[in-house]
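Only the coordinates and a few stated rules stand behind these numbers; no lab work does. What you see is a predicted model; the values in this text were computed from it and never measured. Glycine gets a Cβ as well: all are built from the backbone with ideal geometry, and neighbour counts include every protein chain shown.
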């Protein structure tokens, strides 16, 4: 079962206009700031003063007394930061307040707007507490690290940031001997690796983004040839972000669709990056996916990855809304021929009939009457598609 609430299709696709009343000059200014955005990071050692391990690290903490904030039951020591000197203590103070209230849980990222002494002033700050791993014969001492990444906004990329920051855990030690070689280079790339992948894919395929959107909705496998590992990973992550997988309560629907698509290798969407621009084979799209092309291209031209992510989320929400409508029509069509007619008209008008029926067929596979209605609708759409060709 899918659940969502969205406005009309045009409201969904025009996300730039929905949330703001800026004129074109103001929008241009925002876009310029996005392109010139400064991205920061900080990492701290969190030390429980109630643990025995804390006593062993007193000397080390004293050496860094100027960058340590102490509370009754914990201390927070700066290990590294790209923030300006006047802004870092402000961030440390903010994190200490969150820790003292128990607002940071191990392994779960938290995003909030903070005000720091930096050009952007109010920014989105992602914080994640990484707890120190202990061996089975050691007791939990409550120590760990707090990783932070800061930019104009990070709110729409929390899952990516969770995964990225947690990738640090195996490299962290209290003394941070590998700061220069591993930790700092890794944190310095957080924005490129966790935020910019959607932008890179849209820049790569341009108007062909509609074929990737269709592949994501229809669970079509995507193969990338003659590309570097980063590009291949970007495409995989784009498809995953655009798909509805995980938004279905019954995993059998997704499993059935994925198995059906994987059984036929000829349906794979192949992206050949040996040419510029890349060439696509077995590319399939529909009117619904094509209607979103310009929104993606406009956001990519502004170099606005946050707007791109919001457009992608709106695309998925609209697809979910249409799937809910189709399921309601199918239930009604079991009792009314007029509802069956309305269902056919809806599928013609939404531009996404092939994908909706594919998902409906998988979800209703065990319901004889619903399957019969879906077959009738498939035949109807097929006849409608052939009618314009016959006229020519």
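Taking every alpha-carbon pair under 8 Å whose residues sit at least 6 apart, segment 320-391 reaches a relative contact order of 31 percent. Relative to the current alpha-carbon distance between residue 98 and residue 115, full extension at 0.36 nm per residue lengthens the span by 4.7 nm.
For the pair residue 337 and residue 301 in one chain, pulling the backbone fully straight at 0.36 nm per residue adds 8.2 nm over the alpha carbon distance. The residues 316, 327, 101, when put in order of fewest to most other Cβ atoms within 10 Å, stand as 101, 327, 316. As a proxy for reagent exposure, 201, 222, 165 were ordered by neighbouring Cβ count within 10 angstrom, fewest first; the result is 222, 201, 165. Put a dot 7 Å past the Cα of residue 275, heading toward its Cβ, do the same for residue 192, and the two dots end up 2.9 nm apart. Residue exposure proxy: 173, 220, ordered by other Cβ atoms within 10 angstrom of their Cβ from fewest to most, comes out as 173, 220. A full extension of the chain between residue 162 and residue 175 corresponds to an added length of 2.3 nm, given 0.36 nm per residue minus the alpha carbon distance.
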